[in-house]
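For reference, the structure discussed in these notes is given below.
The values are calculated or read from the model by the stated rules, or taken from the named source; none is laboratory data. Remember, predicted model here, so these are calculated numbers, not experimental data. Quick reminder, even Gly has a Cβ in these numbers, built from the backbone with ideal geometry, and neighbours come from all protein chains shown. Accessible surface areas use protein heavy atoms only, side chains included; no ligands, DNA or RNA. Shrake-Rupley method; radii C 1.70, N 1.55, O 1.52, S 1.80 Å.
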Amino acid sequence: MNVLGIETSCDETACAVVADGRRIRSNVIASQMAEHARYGGVVPEVASRRHVEQINVVLKRALDDAGIGFDGIGLVAVTNRPGLLGALLVGVSAAKALALALDVPLVGVHHIEAHLYANFISEGASSPPDFPAVALVVSGGHTDLFHVRGHGDYVLLGRTRDDAAGEAFDKCARLMGLAYPGGPAIEQAAREGDPAAVPLPRAWLPGTHEFSFSGLKTAVRRLAQGETPPPTADLAASFQEAVVDVLVGKTLAAARAVGAPRVFLAGGVAANGRLRARMQAACDEAGLPLFYPPPILCTDNAAMIAATGYFHWQAGHVDGLDLDTIASEPLAAGPAASS
Ligand code: KG4
Ligand code: ZN
């Protein structure tokens with residue numbers, strides 16, 4: 001069955017067609033990044049307007065690329081939470097119109113769950129990962145560690161107390177005079193730098209699976225705005241290393257704590273080459289298989305929305321045409337609240 005995925009929660013207008021939740025037939029992403037770069041971050045009002053302009057263009061391209069017409073769609077999956085409300089409304093309205101007109105089921109998808117499900121989209125003949133796992137979701141808005149016990153069965157082990165990892169990349173890039181989005185800009189600058197050149201703090205928060213990046217950001221600000229700032233490449237490499245050290249160390253500690261036999265990595269920051277390499281080395285050493293999506297499926301896309309919608313539909317979860325949009329909703333509760 002062909003699932004149409006629609007994603008408009010932030011600054012990417014994206015539509016994709018995914019067969020049976022795993023095989024990508026098309027994956028179209030219209031990014032507004034260049035426009036928001038002028039402001040150094042996403043401007044919600046601008047994002048909504050661009051989604052309105054782009055949604056039908058992107059939808060048509062996704063169908064054309066997949067070689068199907070409207071009658072080839074069997075299910076519509078759309079991000080309805082969490083995200084910018086005005087932006088979410090564009091995708092959800094389009095999805096409802098399609099589901100009604102085509103008389104096919106509609107599934108509302110949680111954006112963070114979809115980042116996890118990017119790991120289930122096949123590359124070649126690979127089989128989907130098994131459960132249970134520990135999953136690190138690192139994006140512009142989230143740094144969450146989950147114990148993933150099965151499809152739709154998550155326990156939140158810990159999250160950031162302040163900035164998300166992606167937010168730290170974006171804010172620190174700005175302090176270093178690098179472009180938005182900061183993640184790719186810092187990764188690029190760091191290639192020429194020494195990760196040990198600038199001593200920077202790491203918040204280990206022992207005894208918890210939580211994160212904090214605000215102290216690191218303050219340290220970068222002090223150095224970047226000081227009398228003799230370090231070379232940008234060294235500061236970028238040292239900052240990236242500090243973030244990666246903590247992300248890798250705490251993910252492995254969480255996997256040990258819950259006895260998870262595998263690790264999933266997901267979200268925009270999971271596109272970072274240094275994080276992928278260091279996480280791979282640590283998982284190899286611990287004997288834990290590691291799964292991460294190709295970079296294009298780490299950052300926001302609609303293929304992951306279609307994949308998630310398919311698994312929900314299979315489990316019998318579909319939504320009505322009264323599907324709402326929700327600005328903020330955790331994917332899962334912590335251990336105390338779960339059974
Ligand atoms: O998942 P995503 O596309 O959108 C959200 O749901 O937030 O993540 C975007 C975040 C941005 O903060 C961006 O700077 C970061 O992911 N990012 C990266 C890289 N590519 C994107 N961070 C580090 N290294 C990268 N290569
Ligand atoms: Zn995202």
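Assign unit charges at the C-beta atoms only (+1 for Lys and Arg, -1 for Asp and Glu), then state the dipole size of the stretch 130-292 relative to its Cα centre in Debye, rounded to the nearest 20. Numbers along the way, then the final one.
Numbers: 16 positive and 17 negative charges, 42 e Å.
Using Cβ point charges on Lys, Arg, Asp and Glu, the stretch 130-292 gives about 200 debye.
For the chain, calculate the relative contact order in percent as a whole number, restricting contacts to Cα pairs under 8 Å that are 6 or more residues apart. Intermediate results must be reported in sequence, preceding the final value.
Values: 766 pairs, mean separation 83.9, N = 339.
Computed value for the chain: 25 percent relative contact order.
So, taking all protein chains as they sit and a 1.4 Å probe, how much accessible area belongs to Thr218, in Å² rounded to tens?
60
For every helix of n ≥ 4 consecutive DSSP H residues, a contribution of -39,500 (n - 2.57) applies; sum these over the chain, divide by its total residues, and give [θ] at 222 nm rounded to the nearest 500 deg cm²/dmol. Show your work: numbers first, answer last.
Details: 11 runs with 141 residues, N = 339.
After summing the helix terms and dividing by the residues of the chain, the value is -13000 deg cm²/dmol.
Give me P(r) over the chain, computed from all C-alpha to C-alpha distances, binned every 20 Å, as integer percentages.
All Cα pairs, binned at 20 Å, distribute as 32, 57, 11, 0 percent.
Can you give the relative contact order of the stretch 130-292 as a percent, counting alpha carbon pairs under 8 Å and 6+ residues apart?
Numbers: 323 pairs, mean separation 45.5, N = 163.
The normalised contact order for the stretch 130-292 reaches 28 percent.
Per residue, how much accessible surface does the stretch 12-134 expose to a 1.4 Å probe? Answer in Å², no decimals. Mind showing how you got there, number by number?
Numbers: 5000 Å² over 123 residues.
It amounts to 41 Å² per residue over the stretch 12-134.
Give the percent of DSSP beta bridges with both residues in the chain that are antiparallel, rounded to the nearest 5. Could you put the intermediate results ahead of the total?
Details: 27 of 43 bridges.
Around 65 percent of the beta bridges assigned by DSSP in the chain are antiparallel ones.
Sequence gap of 8 or more, or different chains, plus Cα separation below 29 Å: how many lysine pairs satisfy both in the chain? List each step's numbers first, then the result.
On the way: Lys60/Lys96; Lys171/Lys217; Lys171/Lys250; Lys217/Lys250.
Value for the chain: 4.
Hey, what's the stretch 189-314 come to in accessible area per residue, 1.4 Å probe, Å²? Intermediate values should be presented prior to the final figure.
Values: 5140 Å² over 126 residues.
Heavy-atom SASA per residue in the stretch 189-314 reads 41 Å².
What base-10 log of the normalised intensity I(q)/I(0) is obtained for the stretch 135-185 from the Debye formula, alpha carbons as equal point scatterers, at q = 0.18, 0.22, 0.23, 0.32 Å⁻¹?
-0.60, -0.74, -0.77, -1.09
I need the trypsin sites (Lys or Arg not before Pro) found in the stretch 42-100, filtered to DSSP loop residues with at most 15 other beta carbons within 10 Å of theirs. Walk me through the numbers on the way to the answer.
Values: sites: Arg49, Arg50, Lys60, Arg61, Lys96; in loops: none.
Those that pass, being in a loop and sparsely packed, number zero.
Of all accessible surface on the stretch 130-292 at a 1.4 Å probe, what whole percent is carbon and sulfur? Intermediate results must be reported in sequence, preceding the final value.
On the way: 3330 of 6630 Å².
Carbon-and-sulfur percentage of accessible area, whole number: 50.
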